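Written out below as structure tokens is the structure these notes cover.
Any read-out appearing in this document is the output of simple, stated calculations on the displayed coordinates, not a laboratory observation. Fair warning: this is a prediction, and the values are worked out from it, not measured in the lab. Cβ placement follows ideal geometry from the backbone for every residue including glycine, while neighbour counts extend to all protein chains displayed.
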Amino acid sequence: MITKISVDGFKSLAGFEIELGQVNVLIGANGSGKTNILEAIGVLGAAARGRVDDEALLRRGVRLSGPGRYSARLAEVATAPTVTLAAERGTTEARYEAVLEPPSNGNVWRYAEERGTEGDADLLNRSTVTNGSLDAEAGWAALKRVELPPQGMGQTL
């Protein structure tokens, strides 16, 4: 079960973090960010599957926006959204984190960084910023998943 979601720099969400239970209800006024939370989860789900483009986002219920609409609308927040997902079971924590750059033209988001951990072990750690030869439009999480044991926490993400 996903127990915690953190979002920074996505639409109206800056430094946002929420702990989740088995059933979660989002309540708030119009324009307060409820849909932005759900769309951030959709973007993160697409990132974990290896590609963030219009087709992947539509399948996850994310409303498509033009260039610049995904980035934080807050002037003091960096333009590249950081979307983080963490899951816990017992005392072991599995975590997947992606730093994504929304499309400036076209419809494919670019991975700046991607990291997956289970407890203290790094399952996945890459940066297209420090290693320019990596494909910035393709995520590694979906590929690395086949190397993980079926009962491992990394599979639950």
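In table form, for the structure just shown:
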read-out	value
Chain lengthening between Glu137 and Ile27 when straightened (0.36 nm per residue, less Cα-Cα)	36.2 nm
Eligible lysines near Lys144 by straight Cα distance, threshold 27 Å, same-chain separation 8 or greater	Lys4
Ascending count of other beta-carbon atoms within 10 Å, so fewest first, for Lys144, Lys34	Lys34, Lys144
Partners for Lys11 among aspartates and glutamates (Cα-Cα distance below 12 Å; same-chain residues under 8 apart left out)	Glu39
Protection proxy ranking of 119-128, 20-29, 52-61 - average other beta-carbon atoms within 10 Å, highest first	52-61, 119-128, 20-29
